[in-house]
Amino acid sequence: MPPPGTSMSLPGMHAELGDGATIASAPPPMRRYAVTTQPTEWYWCFDHGAVEAAARACAAERRIGPFATADEAARWKDRVEARNQEWDAADRAWEGDD
C-alpha cells in the first residue's frame with residue numbers, strides 16, 4: 001500500500017475522469033511499478049486530448065495550463081469560454097455598445 005499522499009502508477013495506465021476525459025501517464029523509466037507523489041500541476045494536452053501531470057506533460061506549445069487539479073484541466077474549455085464572454089461584455093461596455 002502506498003503512503004498517504006502518493007499513488008501507485010502502473011506502466012501505460014490511463015485513469016478516467018467521470019466525464020469521459022482521461023489522465024494520460026507514461027510508464028516510469030526502468031521500473032515495473034513506482035510510487036510517485038501526487039502532481040501539483042495539471043495540463044490539457046491538445047495532441048492526446050487528455051489531462052497530463054506536469055512531470056509527464058507534452059511540450060508547452062501543445063498544452064494549456066497549469067491547473068490546480070486534474071478535474072480543472074479536463075474542463076479547460078468551459079473556463080476559456082466563460083472568460084471570453086466576460087471580456088467580450090467588457091469590450092462592449094467600454095465601447096458604449098452595452
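The values are calculated or read from the model by the stated rules, or taken from the named source; none is laboratory data. This structure is a prediction, so every number in the text was calculated from the model and none was measured. Reconstructed Cβ throughout: ideal geometry from the backbone, glycine too, with neighbour counts over all protein chains shown.
Some observations on this one:
- Any hit, region 32-42, residues being at pLDDT 90 or above and either out of contact with any Ser or Thr (no Cβ under 6 Å at 6 or more places or on another chain) or at positive phi (or both): yes
- Pairs are defined by a Cβ separation below 7 Å, a sequence spacing of at least 6 or placement on different chains, a first member in region 80-98 that is modelled with pLDDT under 95, and a second member that is assigned to a helix (DSSP H, G or I) and surrounded by 10 or more Cβ atoms within 10 Å (Cβ to Cβ); the pairs so defined are Asp98/Ala89; Asp98/Arg92.
- Residues being under 16 Å from Asp47 (Cα atoms) and in contact with a Leu (Cβ under 8 Å, 6 or more places away or on another chain) - total across region 62-80: 1
- Close contacts from region 28-54, counting a first residue that is under 24 Å from Lys77 (Cβ atoms) and a second that is assigned to a loop (DSSP other than H, G, I, E, B) and at pLDDT 85 or above, with Cβ to Cβ under 6 Å and a gap of 6+ residues or different chains, come to Tyr43/Ala57; Cys45/Cys58; Asp47/Cys58; Ala54/Glu41.
- The set of residues from region 45-98 being buried (at least 16 other Cβ atoms within 10 Å of the Cβ) and assigned to a helix (DSSP H, G or I) comprises Arg56, Ala70, Glu72, Ala73, Ala74, Trp76.
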